[in-house]
Amino acid sequence: MSERQWERLGSVTGIGFVVAMVTSVFMVPSPPHIDASTTEILDFVTRHRTALLSSAVIGALAGIFFLIFLGHLRHVLQRSESGVEALSPVVYGAGLTTVAIAFVCTLPMTALAFASDSAEVTTNSGLIRLLYDLNALGTATIMIVLALFVAAASVAMIVREMEAPILGWAGLPVAVVLAAAGVAGFYNTTHQAFWYGLNIVALLAFAAFILAVSVEGLIAPARASRSVLAPREAVPST
């Protein structure tokens, strides 16, 4: 398999990630507000137990797709940087951190759904509240790290370490929205429609950004290394 074919495969995993991520998020109805009672939370988790557990499985698949896509992205950046690493470590590190946090942060809600038929959990209001709040705070943390990932990838496009600089300029406001939604998530202890809507917008904008990068990688060749190896001039013998 040629390098170009591997690059196309990497782009396909980006599309697979977007499909799996969006499916994972929207296959479950909107959860109760952050200030909902533990009774409402428990009722939601009990009624949608199978959907929540399935969402966690599909979310894990999305994480695997994103890891493969991230490796592809790092390869493209490193080749363009010609060994002088600039943005590729930031993009790769932010991406890995996001996946790690996402895997951990799916556990509180998944654990709540998994144990929704256990009296030790369902009768413990404090535990229900803790798990639910951990899920909200985990989402906020993911948003902030994703903002760094999108910002670094966008700058790489703008300085032409990657193709399609216009996507880089489009990605910068996506990073701002992600950061705003993430920071707000640490302070909003009551439901506010604006910030809830901003979270949805940020998620869909991120999905659109990754989808655009992946599709662009499929239809256009990746940027060749800036240090194209040219034949060395023969050194005259003495």
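The values are calculated or read from the model by the stated rules, or taken from the named source; none is laboratory data. Everything quoted here is computed from the prediction, not taken from an experiment. In this analysis, Cβ positions are derived from the backbone assuming ideal geometry, glycine residues included, and neighbour counts consider all displayed protein chains. Calculation scope for accessible area: heavy atoms of the full protein, side chains included, ligands and nucleic acids excluded. Shrake-Rupley method; radii C 1.70, N 1.55, O 1.52, S 1.80 Å.
Descending by average beta-carbon neighbour count within 10 Å, the peptides 39-47, 123-131, 206-214, 69-77 line up as 69-77, 206-214, 39-47, 123-131, the highest first.
Across the stretch 131-146, computed HN-Hα scalar couplings (Karplus, 6.51 cos²θ - 1.76 cosθ + 1.60, θ = phi - 60°) run 5, 5, 5, 4, 4, 5, 5, x, 4, 4, 5, 4, 4, 5, 5, 4 Hz from first to last residue, x flagging Gly and Pro. Computed extension gain for ARG160 through TYR187, at 0.36 nm per residue and net of the alpha carbon distance, reaches 6.0 nm. Taking the 1.4 Å solvent-accessible surface of the chain as the whole, the part contributed by carbon and sulfur is 70%. For the stretch 41-84 and the stretch 150-174, what is the separation of their Cα centres, given in Å? The distance from the Cα centre of the stretch 41-84 to that of the stretch 150-174 comes to 21 Å.
Across the chain, the volume of the C-alpha convex hull divided among the residues equals 141 Å³ per residue.
What number comes out for accessible area per residue over the stretch 37-114 if the probe is 1.4 Å? Units Å², please. Present the calculation step by step, with values, prior to reporting the outcome.
Details: 3540 Å² over 78 residues.
Spelled out: the 1.4 Å probe surface of the stretch 37-114, per residue, equals 45 Å².
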